[in-house]
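Written out below as structure tokens is the structure these notes cover.
The values are calculated or read from the model by the stated rules, or taken from the named source; none is laboratory data. Only a predicted model underlies this, so the values are computations on that prediction, with no experimental measurement involved. Reconstructed Cβ throughout: ideal geometry from the backbone, glycine too, with neighbour counts over all protein chains shown. Side chains included, ligands, DNA and RNA excluded: accessible areas come from the protein's heavy atoms. Shrake-Rupley method; radii C 1.70, N 1.55, O 1.52, S 1.80 Å.
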Amino acid sequence: MCAIEAGKRGRSVALLDHADRIGKKILISGGGRCNFTNIHCTPENFISANPHFAKSALARYTPDDFIALVKKHRITFHEKTLGQLFCDRSAQEIVTLLEEECRAANAEIFLNEKIREVKHSNGFTVVTNSAEFHAPSLVIATGGLSIPKLGATSFGYDLARQFNLKIIEPKPALVPFVLTPKDQSNYCDLTGLSAEVIASTKNQSFREKMLITHRGFSGPAILQISSYWNLGESIRIDLAPDHDATKPIRNTNVRNITVARAAFHKLLPSRMATRWLELNAPQTWTNKDLTDLEHRAHEWEISPAGTEGYDKAEVTAGGVDTGELSGKTMECRKVPGLYFIGEVVDVTGQLGGFNFQWAWASAAAAGRAL
């Protein structure tokens with residue numbers, strides 16, 4: 001995207017990729033359909049040490065701008081839940097769009113270029129396994145550490161350190177949780193079961209599906225909350241959003257586990273409800289016991305042992321400190337001509353197309369300034 005915008009302005013652009021094809025991460029995104037933006041995108045959908053940093057770029061390249069590009073290429077798309085836009089056919093269409101726009105802008109793409117060294121004096125020199133490239137400006141759009149099997153590396157962070165730039169400690173985000181051995185033995189034989197829940201940390205919550213996996217919890221609600229979670233903290237899960245779970249028990253003359261199961265089976269998959277009650281039901285069924293059970297159903301506390309890490313994380317939180325960059329152009333304040341865009345920067349989107357929108361917007365900001 002940055003190459004396209006710079007090329008449109010008549011710049012001579014070389015796009016260097018160490019992979020054998022461009023857009024590998026695009027191709028696997030959205031289950032192969034690419035959740036290419038979100039129509040409800042706001043700065044509040046992003047995590048950063050400076051929550052104001054992304055505002056300028058996001059305001060100047062909006063979801064509507066990318067949608068116009070998608071329509072220009074006659075790519076059909078649809079909205080799923082919560083403003084998420086997906087290709088009707090394949091994510092390959094987005095990669096083809098970008099390739100064609102690069103061609104039209106005379107931006108040249110070089111594949112299989114392993115970067116050996118970056119030198120800075122009177123412009124930049126990038127030494128690869130096959131050539132040397134010289135330019136007055138260098139843009140780093142190398143992403144984070146997520147999904148190393150697709151080629152993710154620490155290159156962007158290493159380069160930032162080479163130029164003495166501050167980095168906010170990277171961590172996996174939008175990532176499944178791994179439970180403690182005890183919680184695994186309690187719940188992980190229920191792999192595949194899911195329910196709509198509200199997952200919360202101290203100051204953030206998401207209402208979406210939670211999925212039980214063979215090692216812990218996943219699903220959209222969990223991926224979302226993982227970006228706000230730190231090791232050692234607990235999360236709270238509301239298993240019965242908007243429901244008075246114990247009302248059917250209170251309203252009967254006979255109160256016992258059988259009646260409780262019947263009530264909870266209406267709210268959760270039956271095996272999940274049965275298991276949760278086995279582990280959380282009271283010994284007696286007084287009004288106070290039921291009040292406590294109700295509270296627990298809405299405030300179930302779990303302390304994850306960790307996450308599935310970068311192998312399964314959809315994105316990397318942290319990155320190049322935004323204080324080092326101009327919010328208008330993404331240019332490095334200390335090193336004129338050096339730019340950082342996309343995921344390598346400390347701006348992390350929530351689940352649902354926001355990270356793509358940040359990629360397009362930050363790229364356009366830099367491309368229009370080169």
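Just checking, does the stretch 81-89 include any residue being exposed (fewer than 15 other Cβ atoms within 10 Å of the Cβ) and part of a loop (DSSP other than H, G, I, E, B)? Yes: the stretch 81-89 contains one or more residues that are exposed (fewer than 15 other Cβ atoms within 10 Å of the Cβ) and part of a loop (DSSP other than H, G, I, E, B). Candidates are the residues of the stretch 141-177 that are farther than 26 Å from Ala3 by Cα and part of a loop (DSSP other than H, G, I, E, B); the one that is nearest to the chain's Cα centre (by Cα) is Leu174. Report, by residue number, each residue of the stretch 265-283 that is part of a helix (DSSP H, G or I), free of Cβ contacts under 8 Å to residues at least 24 places away in the same chain and open to solvent by less than 70 Å² (accessible area, probe 1.4 Å). Within the stretch 265-283, Ser270, Ala273, Thr274, Leu277, Asn280 meet the criteria. Go over the candidates Thr128, Thr180, Thr191 one by one and state the one that is without any contact (Cβ under 8 Å) to a residue 24 or more places away in the chain, more than 17 Å from the chain's Cα centre (by Cα) and surrounded by fewer than 19 Cβ atoms within 10 Å (Cβ to Cβ). The unique qualifying residue is Thr191. Could you tell me whether the stretch 133-145 includes any residue that is open to solvent by 50 Å² or more (accessible area, probe 1.4 Å) and either farther than 23 Å from Leu370 by Cα or β-branched (Val, Ile, Thr) (or both)? Within the stretch 133-145, one or more residues are open to solvent by 50 Å² or more (accessible area, probe 1.4 Å) and either farther than 23 Å from Leu370 by Cα or β-branched (Val, Ile, Thr) (or both). Just for the stretch 284-309: of the residues that are without any contact (Cβ under 8 Å) to a residue 12 or more places away in the chain and not hydroxyl-bearing (Ser, Thr, Tyr), which one is nearest to His243 (Cα to Cα)? So the residue we want is His295.
Scanning the stretch 207-239 for residues that are in a helix (DSSP H, G or I) and of a type outside the set (Ser, Thr, Tyr) turns up Pro220, Ala221, Ile222, Leu223, Gln224, Ile225.
The C-beta contact set for the stretch 340-353 (first residue among the small types (Gly, Ala, Ser), second residue part of a strand (DSSP E or B) and open to solvent by 10 Å² or more (accessible area, probe 1.4 Å), distance under 6 angstrom, 6+ apart or interchain) comprises Gly349/Phe46; Gly352/Gln84; Gly353/Asn35; Gly353/Gln84.
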